[in-house]
Amino acid sequence: MSQSQFVDPRVSRAKFDREIAEYHDLGSDYRRRGWLLVRAEFPWILVVLAAPQLKPPAIVTGVAFDYTNYDMRPPSVRLVDPFTGNPYKAKELPTHLKRSVESAGPPIPGLQLPLGAEARFVAQQPLMQWYGPDDTPFLCIAGVREYHDHPGHSGDAWELHRRSGAGRFVRLLETITKYGVQPIADYQISLQPRISGFIQRDVPS
Amino acid sequence: MPDNELDLAIVVNGQPTVVRANKNAPLRTVIPRALEQTGNAGQPPENWELRDAAGAPLSIEQKIGDFAFPADVRLFLNLKAGVGGVS
């Protein structure tokens, strides 16, 4: 158990056990979607997310959860190396969980639009956030401990989201899958041609 | 059960429940009931999204009967990701 557990561990463990039991009830559905539960031992969970839509299928990332003090505190969520369990640094992330966000954008001088129309911009916003390439990124959505602990989100307290199930295990996996795994359409392959000599038509006698 | 009704198994944030639905109503009508039955009270229905077992989003304005769901269908209702990003 985590050293910093201050909630009655029976409470957190009961809620943790409920998350895992409900997951197992639908485990075959989740496995078809590429979710492979490899460790569930209070307060930790490790899930490996695969992309079954690829041929051959690919392992995309591991996701580590820490449900210490749940649900007085939200769970910690990290993208991790699926083989070592080590959190990815920003420069190592296999996915940034990009989402499209529409905004009004800045006014464009000279742009003529019909009356009442408004130019809309679509930006790609990563749900994984960091400051430097060696930082451990965090999942920037409500329901995640690192989000609520960030000083930029002091106005969006966990207590506002707790009753909506924002910190529930399946909900967080759904979000990571939606933005990080489902959009993967194919492998991206780079080839670097290199001249290694000449091809001869024939070898004269 | 009347012919125009069916039971839909809906998994709300991982928690299953069964909602009785009218086939002639749009799919969105099952969302508040599923939330109520599972005690998810913190967010309004528009902040949730409904997907099929493969994770594909479902059009919630479509009539339930038009989906021709099989008897053992399971739908997945999950809280949308809010506006993220650290400025």
TODO: Go through the residues of the stretch A:129-137 one by one and say whether even a single one is under 29 Å from A:Ser164 (Cα atoms) and at pLDDT 95 or above.
DONE: yes
Task: Selection from the stretch A:19-44 of residues that are part of a strand (DSSP E or B) and farther than 18 Å from B:Ala53 by Cα - done: A:Val38, A:Arg39, A:Ala40, A:Glu41, A:Trp44
Task: In the stretch A:9-19, the residues that are touching a residue at least 40 places away in the same chain (Cβ under 8 Å) and at the interface with chain B (Cβ under 10 Å from one of its Cβ atoms) - done: A:Glu19
- [ ] Please specify each residue of the stretch A:53-75 satisfying the condition of being in contact with a Lys or Arg (Cβ under 7 Å, 6 or more places away or on another chain) and either assigned to a loop (DSSP other than H, G, I, E, B) or among the acidic types (Asp, Glu) (or both).
- [x] A:Tyr70, A:Asp71, A:Arg73, A:Pro74, A:Pro75
Task: Spans of strands (runs of 3 or more DSSP E) in chain B with at least 2 residues touching a residue at least 60 places away in the same chain (Cβ under 8 Å) - done: B:5-12, B:74-79
TODO: For the stretch B:38-57, name all the residues that are loosely packed, with under 15 Cβ neighbours inside 10 Å and either over 30 Å from A:Pro151 (Cβ atoms) or hydroxyl-bearing (Ser, Thr, Tyr) (or both).
DONE: B:Gly39, B:Asp52, B:Ala54, B:Ala56, B:Pro57
- [ ] From (1) farther than 26 Å from A:Gly180 by Cβ; (2) surrounded by 14 or more Cβ atoms within 10 Å (Cβ to Cβ); (3) β-branched (Val, Ile, Thr), pick out the condition that doesn't hold for A:Ile108.
- [x] (2)
Task: Residue count, the stretch A:131-171 (criterion: of a type outside the set (Phe, Trp, Tyr) and at the interface with another protein chain (Cβ under 9 Å from one of its Cβ atoms)) - done: 19
TODO: Find the residue count for the stretch B:38-87, including only residues that are of a type in the set (S, T, N, Q) and at the interface with chain A (Cβ under 7 Å from one of its Cβ atoms).
DONE: 4
Open item on the list: Go through (1) within 14 Å of another protein chain (Cβ to nearest Cβ); (2) among the hydroxyl-bearing types (Ser, Thr, Tyr); (3) under 26 Å from A:Gly167 (Cα atoms); (4) surrounded by fewer than 19 Cβ atoms within 10 Å (Cβ to Cβ) for A:Ser103 and report which single condition fails.
Closed with: (3)
TODO: Sort out which residues of the stretch A:76-126 are in a loop (DSSP other than H, G, I, E, B) and under 19 Å from A:Leu139 (Cβ atoms), and write them in order of number.
DONE: A:Asp81, A:Pro82, A:Gly85, A:Asn86, A:Tyr88, A:Lys89, A:Leu93, A:Pro94, A:Thr95, A:His96, A:Leu97
Task: Tally of residues being farther than 17 Å from A:Pro57 by Cβ and not β-branched (Val, Ile, Thr) across the stretch A:174-187 - done: 3
Task: Top-ranked residue in the stretch A:157-205 [being charged (D, E, K, R) and outside any loop (DSSP other than H, G, I, E, B); ranked as modelled with the lowest pLDDT] - done: A:Arg163
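The values are calculated or read from the model by the stated rules, or taken from the named source; none is laboratory data. As the structure is a computational prediction, the values presented were derived from the model and not from experiment. All Cβ positions, glycine included, derive from the backbone under ideal geometry; neighbour counts span all protein chains shown.
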